[in-house]
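Everything on this sheet refers to the single structure shown next.
Laboratory data are not the source of any read-out in this text; all were calculated from the coordinates shown. As the structure is a computational prediction, the values presented were derived from the model and not from experiment. Note: ideal-geometry Cβ built from the backbone for every residue, glycine included; neighbour counts use all protein chains shown.
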Amino acid sequence: MNNHLRNIQFIFIFIFVFQNCTSLKLISDYDDITDNAVMSMQEKVSRYFIKLNREIGTPKANYENYINFFDEAKVDLNNLKIRTDAIEKNDITQKIVKELSNMIETTEKLHQLGFNSNLEIIPIQNNFNIAFTSIVKLQMALKRGVKNK
Amino acid sequence: MAVFDIQKVGKDMITASKTSLGDKFTEAKPFAELSFKQLAQNLALITELRITNVIDDQKAKLHLDLYKSTVKINLLAIEGLGIIAVEEAINSALAVVKDSVNSTIGFAII
């Protein structure tokens with residue numbers, strides 16, 4: 001009789017535990033605000049390169065004329081940092097935002113030194129394209145994960 | 001003018017990532033292969049700009065800093081894709097157990 005009661009207890013404990021463990025979470029959920037902020041940043045960076053490519057070789061390409069772009073990018077990235085820091089299990093996206101900030105700061109340093117040729121822009125733009133494609137790929141996978149739940 | 005073997009650099013990057021990311025790499029492999037090829041091409045381009053004196057040492061260093069951040073973002077995304085795949089696999093397995101228990105008992109107890 002005691003064994004029978006113990007078995008019933010075990011079954012209830014198993015059901016209770018399993019009900020709370022039927023899905024495991026290893027990474028943050030998809031966040032619409034983060035995704036939109038990254039897309040907005042990608043658009044601004046694209047505009048920067050299009051404009052710069054047209055203006056290289058003229059005084060219009062001087063760093064002083066692009067300070068607004070860098071200021072806006074830094075504000076957007078700081079907002080994105082605050083957002084991503086507030087989400088649990090989001091360390092991968094937090095690290096990505098940090099590296100994206102480094103990329104903007106390094107691009108600013110290069111622009112301060114001045115661009116003498118359009119050729120100089122190509123690897124910088126390539127880097128941003130690869131970085132944004134990687135981020136979009138991750139965001140799409142996170143979004144697909146939400147749909148599957 | 002490529003100053004080094006782009007394909008070899010791309011393959012070396014894949015090998016290094018496989019070692020550090022382990023099983024998590026498999027799911028992201030097609031994306032990783034494509035992006036590593038692009039990264040290797042970009043590294044070749046930076047080297048070429050320096051050799052042909054389009055950029056000086058100071059700018060070359062900044063270009064490489066930018067490149068390193070890009071590689072980090074790419075690897076972080078690949079790691080994330082792997083984690084999502086592992087999470088999906090575990091949750092699918094848990095769902096099978098749940099279905100199995102419920103069908104054995106005859107109603108949705110879990």
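Listing for the model above:
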{"quantity": "Relative contact order (%) - chain B, alpha-carbon pairs under 8 angstrom, separation at least six", "calculated": "31"}
{"quantity": "In nm, spacing of pseudo-spin labels at residue A:55 and residue A:85 (7 Å Cα→C-beta vector)", "calculated": "3.2"}
{"quantity": "Residue of B:77, B:28, B:16 that the Gaussian network model of chain B assigns the largest fluctuation, springs spanning Cα pairs under 10 Å", "calculated": "B:16"}
{"quantity": "Residue A:43 versus residue A:143: modelled label distance in nm, points set 7 Å from Cα along the beta carbon direction", "calculated": "1.4"}
{"quantity": "Ascending count of other beta-carbon atoms within 10 Å, so fewest first, for B:96, A:97, B:54", "calculated": "B:96, B:54, A:97"}
{"quantity": "Square roots of 5 times each gyration tensor eigenvalue, C-alpha, region B:39-110, largest first, Å", "calculated": "54, 9, 5"}
{"quantity": "Derived scalar couplings ³J(HN,Hα) [region A:51-62; Karplus, 6.51 cos²θ - 1.76 cosθ + 1.60; whole Hz; x for Gly, Pro]", "calculated": "5, 4, 4, 6, 9, 4, x, 10, x, 4, 7, 4"}
{"quantity": "Helix axis angle, A:91-113 relative to chain A longest principal axis, alpha carbon, degrees", "calculated": "10"}
{"quantity": "Alpha carbon convex hull of the protein assembly as shown, projected area averaged over orientations, nm²", "calculated": "17.5"}
{"quantity": "Projected label distance in nm at residue B:33 and residue B:86, using a 7 Å step from Cα toward the beta-carbon", "calculated": "2.3"}
{"quantity": "Size of chain A as Cα extents on the principal axes (Å, biggest first)", "calculated": "93, 22, 19"}
